[in-house]
Amino acid sequence: MTTPGIPPLSAPASELEDLDRKHLVRSMHRGDITDRLVIVKGQGSTVWDARGNELLDAAGGGVWHSPLGHGRADLAEVAAKQIKEIEFFTSLLEFTNEKAIRLAERLAQLAPAGINRVAFSSGGSEAVETAIKAARLYHTRKGSPDRTWILARHYSFHGATYGSGTATGFPPMQAGVGPNLPHVEKLSPPYPYRAKQLYGDVDPTDFLVKELEDTIERIGAGNIAAMIGEPIMAGGGVLAPPPGYWKRVREVLSKNGILLIADEVVTAFGRIGSWFESANQGMDADIITAAKGIAGGYAPLGATLMTDDIADTLIGDGGFFHGYTFQGHPVACALGLATLDIIEREGLLENARRIQGWFEEGLAPARELPNVGDVRIEGTLAALELVADKETTIPLDWSQVEAVAFETRKAHGVIARPYGHNFVLAPPLVFTEAEARRATAAVVEVVSRLRPDGTLAPR
């Protein structure tokens, strides 16, 4: 028997769940998590699982993704049309395709001034990997081969491949996998909620800039290739820097000949209400990485954008011996062009700013709850920092936040994301006011049932 609206399955839901346990190795998954949720259909901001449960996607496909919502027939038509014309041919060497060219042109038009060149990849981790290699090779070609160090920050997330995973500021990403990428140094993040603990009585930006200057002096400016940072740290818990932070960081880096890589894998293409958030933060980046929503979630696609100077230096003397099989994939790039058109045509940058207002209103009661240390909202990103109590600010552990997420889904049919000790929302940009109210009400209701020990009281 099938549930109305759900496509017929090749096997019962329970069989699919068992097969998942038996065969799939999935990322960010621990053996003690026995639940399986087989998503089989989506429409707008709603998805359905194999058991017929209807769920509100308040997490952007679960990974700050899917800006256009699910199940769009117009994007299915774009993909089908492109597949009929040419589904794939390499973009290596002299080969290219029209959709990759057109998308690169469009990205250059939308990007901050001076960013004109694009290297495509299949996702954010690859885009960051490209950026790290490009920064190091650029300095080598410019006669500074000792500039190999990459500065990153604790609580950052830059990917899970070798280089990007080393730059990521969560120790579990590097644990137990042998030597990581050498010459990566982590700095303190801007973290206003915990400023007193981290910076003492010093102004946070003053502290962080001084730490950066001291680190450059210790390593040696002539040994550092680049610093990588998110305009707003999504995985760190929607951590927005104090005003002027990035402008001052940029000044220090420029003074020392160090490139700045803006990781906009999460924040670009409307997530914060702008095409690129790095420009608003005053980063004046040399390289920008992007992915997530670049193709609407309808195909894997990433991009590394850079200045003419960097691109010309990479390809002008020996070439950039680097690339991926599916870079510039015609179908993904066609979907990317269509995604940008839809964001523009449907006013989704403006809607992202409306979502921020709805979140601020809907999550306001959470600020008074004893287990909520802080509520941070930037565009369509929201994070509740969950703590044992407001006085000690001791964070809840990941399993306790996971329990909150599981209960929000089971009790209210709302999918939100546990991320360390933060409980986060990142819905599609097409989220409506009614959906925002439903999501925030569900979050507040569940979090209001947290006990001092981090367990949940019954509903």
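What to note about this one:
- Among the residues of the range 431-454, those identified as in a loop (DSSP other than H, G, I, E, B) and either over 24 Å from the mean Cα position of the chain (by Cα) or modelled with pLDDT under 95 (or both) are Ser448, Arg449, Arg451, Pro452, Asp453, Gly454.
- Residue check for Thr392: of a type in the set (S, T, N, Q) and under 21 Å from the mean Cα position of the chain (by Cα): no
- Complete set of residues in the range 77-99 that are surrounded by fewer than 21 Cβ atoms within 10 Å (Cβ to Cβ), of a type in the set (A, V, I, L, M) and modelled with pLDDT of 95 or more: Ala79, Ala80, Ile83, Ile86
- The lone exception for Ala175 - which of (1) at pLDDT below 95; (2) open to solvent by 70 Å² or more (accessible area, probe 1.4 Å) it fails: (2)
- Among the candidates Pro428, Pro458, the residue that is open to solvent by 20 Å² or more (accessible area, probe 1.4 Å), of a type outside the set (Lys, Arg) and not in a helix (DSSP H, G or I) is uniquely Pro458.
- Any hit, the range 75-88, residues being within 30 Å of Ala416 (Cβ to Cβ) and in a strand (DSSP E or B): no
- Counted residues, the range 120-146 - those being open to solvent by 30 Å² or more (accessible area, probe 1.4 Å) and either under 25 Å from Pro300 (Cα atoms) or in a loop (DSSP other than H, G, I, E, B) (or both): 10
- Within the range 303-340, if we keep just the residues that are closer than 22 Å to Asp284 by Cα and of a type outside the set (A, V, I, L, M), the residue that is nearest to the chain's Cα centre (by Cα) turns out to be Thr304.
- Close pairs from the range 428-455: first on the phi > 0 side of the Ramachandran plot, partner surrounded by 15 or more Cβ atoms within 10 Å (Cβ to Cβ) and in a loop (DSSP other than H, G, I, E, B), Cβ under 7 Å, at least 6 apart: Gly454/Ala388; Gly454/Leu396
- Exactly one residue among Ala268, Ala285, Ala279 is under 20 Å from Ala311 (Cβ atoms), in a loop (DSSP other than H, G, I, E, B) and open to solvent by 10 Å² or more (accessible area, probe 1.4 Å), and that residue is Ala285.
The values are calculated or read from the model by the stated rules, or taken from the named source; none is laboratory data. The structure presented is a predicted model; accordingly, all values stated were derived computationally and were not measured. Quick reminder, even Gly has a Cβ in these numbers, built from the backbone with ideal geometry, and neighbours come from all protein chains shown. Side chains are part of the model used for accessible areas, which takes the heavy atoms of the whole protein and leaves out ligands, DNA and RNA. Shrake-Rupley method; radii C 1.70, N 1.55, O 1.52, S 1.80 Å.
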